[in-house]
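Below: one structure, written as structure tokens.
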Amino acid sequence: MTQFAADRLLLFGATGDLSRRKLLPSLCALDADGLLPEGLNIIGTARSDLDDAGFRDMAREALEAHLEPDRRGGMAGFLNRLSYQRLDASTVEGFDDLATKVGDYSSKGLAIFLSTAPSLFGPTIAGLRHAGLTGEKVRMCLEKPLGTDLDTSAVINDAVADAFPEERIFRIDHYLGKETVQNLLALRFANILFEPIWNSNYIEHVQITVAETVGLEGRVSFYDDAGALRDMVQNHMLQLLSLVAMEPPTSFDATAVRDEKVKVLRAMRPVLANETVTGQYRAGAINGQAVPGYDDELGKPSNTETFTAIKAHVDNWRWKGVPFYLRTGKRLPERVTEILVQFRCVPHSIFGGTSGAGLQPNSLLIGIQPEENITLSLMAKVPGLEATGNALREVPLEITMPDAFVGQYRRIAYERLLLDLIKGDQTLFVRRDEVEAQWEWVDAIREVWEEEGMTPKTYTAGSWGPSAAIALAERDGVSWHE
Ligand code: BG6
């Protein structure tokens, strides 16, 4: 951890969507809980022609729209922390004025959050360097998309590395800021129960689903260049997978945790053509509401996948032969992110004959969102006096996290990440070697798609993707959890 708590936070892209919907609400919520360092100044910058008062007005509106009323306590005090400097980041000229606005940060430190178009990363770094805003007391936080493949991400990473060492670079994957994702680590490493059976001897397969009901949401041009594989699998899903599959780190420390995650990412086996399915939604209905198809929203035909399912493998001792089925898509029937760990059958059933017919292998379902439930399915005897012996049935052992922690807020993922950025804790940020291992694996999948001339199969909005995705799992005798 770099040992300083910044007393200035500089937000690039401060008038943008992410800032309005997540960053400003998260910062206000942290302030209301007394978690921001005293005297922290937040300087917003963007192209819009605003002054301090105008920025505060914009922020107030954003908070009223995107922060729960009961978390807005102390909003006036929070708005007072804000100031604004207009900047055209594509040229170095305005950066001196920006540095003047930031002021002397040498006693505490400066954290910079870059949420701008990737094309501005290079010029922004040049401008910051020109204005003396890249010194030892400065941290740089980067928001996706960081490139579209390994090569383009390396260009961005190189540009940033020119001005900042890795210990001061904070790459966001907002899934790591989710409490339920961090709880995966607690579940695995704060309980003795799971670790001994967390391997190929006892686990038959793992499923990771990240399903969304939304469509393009006005992000047409970005999404059509990205697609589900780059938008969701390359980052969020591979991070989830690495947390499920990694070896126990020696401590909850940035180096220890990230060392273990990167080993998993590097052990991922290249995927074959028949281990992936891609899809693109057509008009359908979500929750009874008619929604248009992807091509209608886009206004032209496209080969971009809005859905993908992948059978992945981690080639190491622990996971040899255990498939990880991943699937994600837009316009699916429900918004749900969950991980299913399917255990193997008991080696021998003592409940022979027909009475043992109910015997099923155990499974552990970890709900990430919107339901934060952990459900372990166990076999139990059905009460009764059947002549043939014991009838068995699966019963859930269920923990509903909100009930277990009544009175706790459901925090925005960015609250944790912004706080860690200000404090300088990189544990929940993605290291360059992880990003590169993720791209390497994903780029190879796209190459296979290209070589095979694969184009997305259509699926009706509101369904669980193309039928080929169901077949992908069913070929192995596996059903997706629904
Ligand atoms: C973003 C993707 O990274 O994650 C979006 O670009 C997606 O396409 C979003 O909708 C999902 O995040 P969450 O937190 O709503 O699951």
Helices (runs of 4 or more DSSP H) lying entirely in segment 110-216 (those with 2 or more residues that are open to solvent by 30 Å² or more (accessible area, probe 1.4 Å) and in contact (Cβ under 8 Å) with a residue 60 or more places away in the chain)
150-163, 179-189
Filtering strands (runs of 3 or more DSSP E) wholly in segment 321-424 for at least 1 residues that are within 30 Å of Ala226 (Cα to Cα) and aromatic (Phe, Trp, Tyr) gives 324-329
Restricting to segment 58-89, name every residue that is crowded, with 16+ Cβ neighbours inside 10 Å and farther than 17 Å from Leu23 by Cα.
Gln85, Arg86, Leu87, Ala89
Evaluation of Ala211 against (1) under 20 Å from the mean Cα position of the chain (by Cα); (2) modelled with pLDDT under 95 (one fails), failing number:
(2)
Of all residues in segment 316-337, which are within 15 Å of the ligand (Cβ to nearest atom) and surrounded by fewer than 22 Cβ atoms within 10 Å (Cβ to Cβ)?
Glu334, Arg335, Val336
Would you check if there is a residue in segment 381-391 being closer than 30 Å to Asp7 by Cα and surrounded by 15 or more Cβ atoms within 10 Å (Cβ to Cβ)?
no
Verdict on Ala99 being small (Gly, Ala, Ser) and buried (at least 22 other Cβ atoms within 10 Å of the Cβ):
no
For residues that are at pLDDT 95 or above and among the hydroxyl-bearing types (Ser, Thr, Tyr), tally how many sit in segment 1-22.
2
For Ile156, state whether it is aliphatic (A, V, I, L, M) and at pLDDT 95 or above.
no
Please report, ordered by residue number, the strands (runs of 3 or more DSSP E) entirely within segment 228-315 with at least 2 residues that are surrounded by fewer than 18 Cβ atoms within 10 Å (Cβ to Cβ).
284-286, 289-291
Which of the residues that make up segment 293-336 are in contact with a Ser or Thr (Cβ under 6 Å, 6 or more places away or on another chain) and among the β-branched types (Val, Ile, Thr)?
Thr308, Ile310, Val322
Suppose we filter segment 217-227 for residues that are outside any loop (DSSP other than H, G, I, E, B), loosely packed, with under 15 Cβ neighbours inside 10 Å and within 11 Å of the ligand (Cβ to nearest atom); how many remain?
1
With respect to Phe343, is the statement that it is more than 18 Å from the chain's Cα centre (by Cα), away from the ligand (no atom under 16 Å from the Cβ) and surrounded by 15 or more Cβ atoms within 10 Å (Cβ to Cβ) true?
yes
Hey, among the residues in segment 429-482 that are part of a loop (DSSP other than H, G, I, E, B) and β-branched (Val, Ile, Thr), which one's least open to solvent (accessible area, probe 1.4 Å)?
Val478
Please verify whether Glu372 is touching a residue at least 12 places away in the same chain (Cβ under 8 Å), within 16 Å of the ligand (Cβ to nearest atom), closer than 30 Å to Leu185 by Cβ and touching a helix residue (DSSP H, G or I) at 6+ places or on another chain (Cβ under 8 Å), treating the condition exactly as stated.
yes
With in the same structural domain as Thr400 (by TED's automatic domain parsing), modelled with pLDDT under 95 and aromatic (Phe, Trp, Tyr) as the only criterion, which of Phe324, Phe351 stands out?
Phe351
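The values are calculated or read from the model by the stated rules, or taken from the named source; none is laboratory data. None of the values given here were measured: they were computed from a predicted structure. So basically every Cβ, Gly included, is an ideal-geometry build from the backbone, and we count neighbours across all protein chains shown. Please note that ligands, DNA and RNA were not included when accessible areas were found on the heavy atoms of the full protein model with its side chains. Shrake-Rupley method; radii C 1.70, N 1.55, O 1.52, S 1.80 Å.
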